[in-house]
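Input: a single structure, listed below in C-alpha cells.
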Amino acid sequence: MLLLLANMFSLRLPIPLEKTLITSLPKTSTTYSAYSGMTRFQVCHRYLSNSITKRGTSVVAFQDEADGEIFVDEDFLEVDPLPVELQPELMPKHVAVIMDGNGRWAKMKGLPTSAGHVAGTQSFKRIVKLCYGWGIKVLTVFAFSMDNWIRPKVETEFLLNLFERSILSQVEECKRKGIQISVIGDTSKLPKSLKSMIANAEETTKENPKFQLILAVSYSGKYDVVQACKSVAKKVQDGLLHLEEINENIIEKELETNCTEFPYPDLLIRTSGELRVSNFLLWQLAYTEFFFNQKLWPDFGKDEFVEALSSFQNRQRRYGGRH
Amino acid sequence: MDFRDGAHNLYHIIVAIGYLGLQLLWYFMQIIVSVWYHISIVGKLRYLAVVIESEEAHQTSKVIKLLQWLDSVGVKNVCLYDMNGVLKKSKDTIFQIMKNAKSIEEVNEDVTHHAPDHMTLEFVSYVDGKEAVAKAANLIFVENFKRHDIGGELDHQILLESHLNQALQIVGCKGPEPDLLLVYGPVRSHLGFPPWRIRYTEIVHMGSLNFMRYGSLIKAIYNFTKVRHNYGT
C-alpha cells in the first residue's frame, strides 16, 4: 500500500500539451520507475509548468523530464461533477478505505508486484480527487499496517524510503490545494528522516481545512486504543484527570483520529473481496457502514466509488442518521 | 410366453436393484459430503459471532431457530450480540429450549477446544465493548497507582496490549476473537460489537432476521471456509 502511495506522488503521466511554459524550480531527486522492477531507480528532473490541457483548461502541473521524455501529472483540480444519482446532502463526511489487491492485480496481468502498486496509485488519485471535489471532508487510507512489519526488511525499508520522498515532493502542492495531510500510526518505528518529513508535512498543511487526507502508517486499531489509554494514564498522573472520571468518552478523545473534526468514518470501503477490517480503526468503526467490493484496488474507479456512495445514501435514506 | 414373463421379471429385478444401488450411493455420498463439510467447518470456524439489530433481537423464536441451524451444521461456539442487551434478557428462554447449550461462564477450558457434545453460548452487548475496555484500562491504572503508593515505579507507559487483554478477562470479557461475524439487520455495520475482538474477523451481512434462510447461512459459512488470511504478509 505504501508503494502505491509513493508511486502516486512520483507518477509520470503523459498528457497532450498545447502550450508549455516552464518556470524554473530546483530539480528534485530520484523517482521510482515501477516498470523497471522494485530495486531500480530512475533519475528524473522535475519542473513546475503552466500547461494547457486538451480541454483548454489552464492548470499548474508538475512536469518531469526523464531520459529525454516529458511527462506531466494530471490536472488535479479538474473534478468530475457529482453524478445525478448522488445527493450532496447525503454524502458521507468521512470515508475510510482499505486499498487491497494491487499484488493480485499484477499477478493476474503477469506483471511484477510493483506494476500493481503503480496502477493502484491511479485509483488512489482518482478517489482523492473525487472526495475532494464531491464534498467529502475526510479520507482515511490504510497505507501500512503494523502487521506489515513482518515483511522482509528490504521491502519495508524500500517502501518507507519511497514514502519519504513522496511526502517531500507533494507538500507544497497540497498546501496550495487546501489539502491537510495527517499521519496516524506508531511513528516510533519509522526512520528519523521520515518522522521529520511527516512532522513538516503536517505542520505545513495544517491551516487548510477544505479537505483532510489521513494516512495510516504503521497503524493498528489495537495500538490506537493502547496509546489512548497511555495518554489517559499520563493525564491522571499529572493530576488533569481523576480515575473515577475515566470512561469510554475520555479514551475516545485520545485516539489518533482525534486529529480530525470527523473522527468516525461514515463509510468503509474495502476492495478485492476481502470481508474484514484487518485491525484498522477498530474503535472508530462501531457504526460505520461497510462496503466490500470484489474489484481489485487498481480496478476500483469512479463507477465503483459511485456505487459505494449510492449504497450508503440509500441506507441513510431508509434508516435515518447514525450516531 | 414363459420366457417373456421371465425376461420381464428379470428386467424389473435389475431395475429395482439398480434403483436401490443408486439410492445407497446417494446416501453414501451425502454422508461423505456431510463429514467433509463438518471437518471443514470444525477445523476453520472455531468461534462464530452473530450480531442482531436490537429491534429484531426480540424475536426469540427466530434466534433459537438460527442457533438450531448452527448446531445442526456443527457450529458449537456462538457469541450472540445486540447493542441494547435484548438477547441477554432472553438468555433463560434460550437455554430452556437449547438443552445441549452451556453458557461460556460454565466452560472452564478454552472455549474453542471443548468437546463437540454441546454448544457454548456467549451473550454480549454494547457494555461489553468500549465500556469494558475503559473498565479494563481503569483496572490497570488502579493497580499501577497502588504499586506506586507502596514504593513501586509509576510508569504509565507500562500499559501494553497484553495487559489490556488480561484486564479484559478479569472484568468479564472472556470470549475469543470470532472467526466469522454474521450481521442480521437492515444496516451493514457491526453495531458496536466489542472492537477489541474483531481484528481479523470476517464480516458478512445477512439481511434482516425476518428473512433469514438456511441456505444463506450455509453459504456464508462455506464461503468463510474458503478464505485465506495473509495477516499482513
Just tell me how shielded B:47-58 is by partners: mean number of partner chain Cβ atoms within 10 Å of each residue's Cβ, no decimals.
-> 0
Filtered GluC sites (Glu not before Pro), the range A:189-236: DSSP coil and at most 16 other beta carbons within 10 Å = A:E207
How much accessible surface area, in Å² rounded to 10, belongs to the heavy atoms of A:E155 with a 1.4 Å probe?
-> 60 Å²
Per-residue average of Cβ from other chains inside 10 Å of A:274-286 | 6
Checked the range A:142-260 with the C-alpha gyration tensor, a ≥ b ≥ c its square-rooted eigenvalues, rounded below a/c of 1.5, otherwise prolate if a/b is larger than b/c and oblate if not; verdict oblate
Express in nm, to one decimal, how much length is gained between A:N314 and A:E245 on full extension, taking 0.36 nm for each residue of separation and deducting their alpha carbon distance.
-> 20.9 nm
Karplus-derived 3J(HN,Hα), 6.51/-1.76/1.60, for each residue of the range B:132-138, Hz, glycine and proline x | 5, 5, 4, 5, 5, 5, 4
To the nearest 10 square angstrom, what accessible area does A:E244 show with a 1.4 Å probe?
-> 150 Å²
Exposure rank, largest accessible area first [B:D117, A:D224; 1.4 Å] | B:D117, A:D224
Given a cut-off of 29 Å, name the pairs among A:K153/A:K210; A:K129/A:K206; A:K222/B:K44; A:K175/A:K222; B:K76/B:K226 whose C-alpha atoms lie farther apart than that in the structure shown.
-> A:K153/A:K210; A:K175/A:K222
Rounded to the nearest 0.05, what FRET efficiency do B:M29 and B:D71 give with R0 = 25 Å and r taken as the Cβ-Cβ distance? Could you check?
-> 0.60
For the pair A and B, total buried accessible area rounded to nearest 100 Å², probe 1.4 Å = 3700 Å²
If a/c stays under 1.5 just call it rounded; otherwise compare a/b with b/c (prolate if a/b is bigger, oblate if not). Do that for the range A:98-210, with a ≥ b ≥ c from the square roots of the Cα gyration tensor eigenvalues.
-> oblate
Heavy-atom accessible area of A:T204, protein chains in place, probe 1.4 angstrom, given in Å² to nearest 10, is 30 Å²
Sorted list, accessible surface of protein heavy atoms, 1.4 Å probe, largest first, for A:R315, A:R126, B:R46 is B:R46, A:R126, A:R315
How do A:D147, A:D303 rank by accessible surface area computed with a 1.4 Å probe, from largest to smallest?
-> A:D303, A:D147
With a 1.4 Å probe and every protein chain kept in, tell me what percent of the accessible surface of the range A:146-300 is carbon plus sulfur.
-> 50 percent
Tell me, what ³J(HN,Hα) does each residue in the range A:279-285 have, in order and in whole Hz, if you take phi through Karplus 6.51 cos²θ - 1.76 cosθ + 1.60 with θ = phi - 60° and put x for Gly and Pro?
-> 6, 9, 6, 4, 5, 7, 9
Gyration tensor on Cα atoms of the range A:268-311, a ≥ b ≥ c root eigenvalues, a/c under 1.5 rounded, else prolate if a/b beats b/c, else oblate, says oblate
Any residues in the range A:195-224 that have 10 Å² or more less accessible area with all protein chains than in their chain alone, probe 1.4 Å, and which are they?
-> A:K222
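The values are calculated or read from the model by the stated rules, or taken from the named source; none is laboratory data. Owing to the predicted nature of the structure, the values given are computational and were not obtained by experimental measurement. Cβ coordinates were reconstructed from backbone atoms using ideal geometry, including for glycine residues, and neighbour counts include every protein chain displayed. Each accessible area value is taken on the protein alone, full model and side chains, heavy atoms only, with ligands, DNA and RNA left out. Shrake-Rupley method; radii C 1.70, N 1.55, O 1.52, S 1.80 Å.
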